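I have placed the structure first, in the form of structure tokens, so that the comments after it can refer back to it.
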Amino acid sequence: GNGLVIISVCIVKKLRQPSNYLVVSLAAADLSVAVAVMPFVTITDLVGGEWLFGKVFCNVFIAMDVMCCTASIMTLCIISVDR
């Protein structure tokens, strides 16, 4: 769904409005959470909570998690101010 939102705003000229760019930003932030964070959380939960990806990637993962989730939350805040 997030990919379709991004594609539609990019393709349809009538949708290229400032408020829709905020929706695209939210879709991109949520898509980054779905791609960069959720697969590793799911695998970790499936194996009983044990981290299998190494100590270095654990730090990278935490940084990606905080960055992507914060981007999503902050975009929601900006959308609520805009509306």
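The values are calculated or read from the model by the stated rules, or taken from the named source; none is laboratory data. Everything numeric here is computed off the predicted structure, so don't read it as measured data. So basically every Cβ, Gly included, is an ideal-geometry build from the backbone, and we count neighbours across all protein chains shown. Surface accessibility is based on the protein's heavy atoms, side chains included, excluding ligands, DNA and RNA. Shrake-Rupley method; radii C 1.70, N 1.55, O 1.52, S 1.80 Å.
Miscellaneous remarks
- Residues considered: Gly48, Gly54. Of these, the only one that is over 14 Å from the mean Cα position of the chain (by Cα) and either open to solvent by 60 Å² or more (accessible area, probe 1.4 Å) or in contact (Cβ under 8 Å) with a residue 60 or more places away in the chain (or both) is Gly48.
- Residues of region 32-45 satisfying the condition of being closer than 19 Å to Asn2 by Cα and open to solvent by less than 70 Å² (accessible area, probe 1.4 Å): Ser32, Val33, Ala34, Ala36, Val37, Pro39
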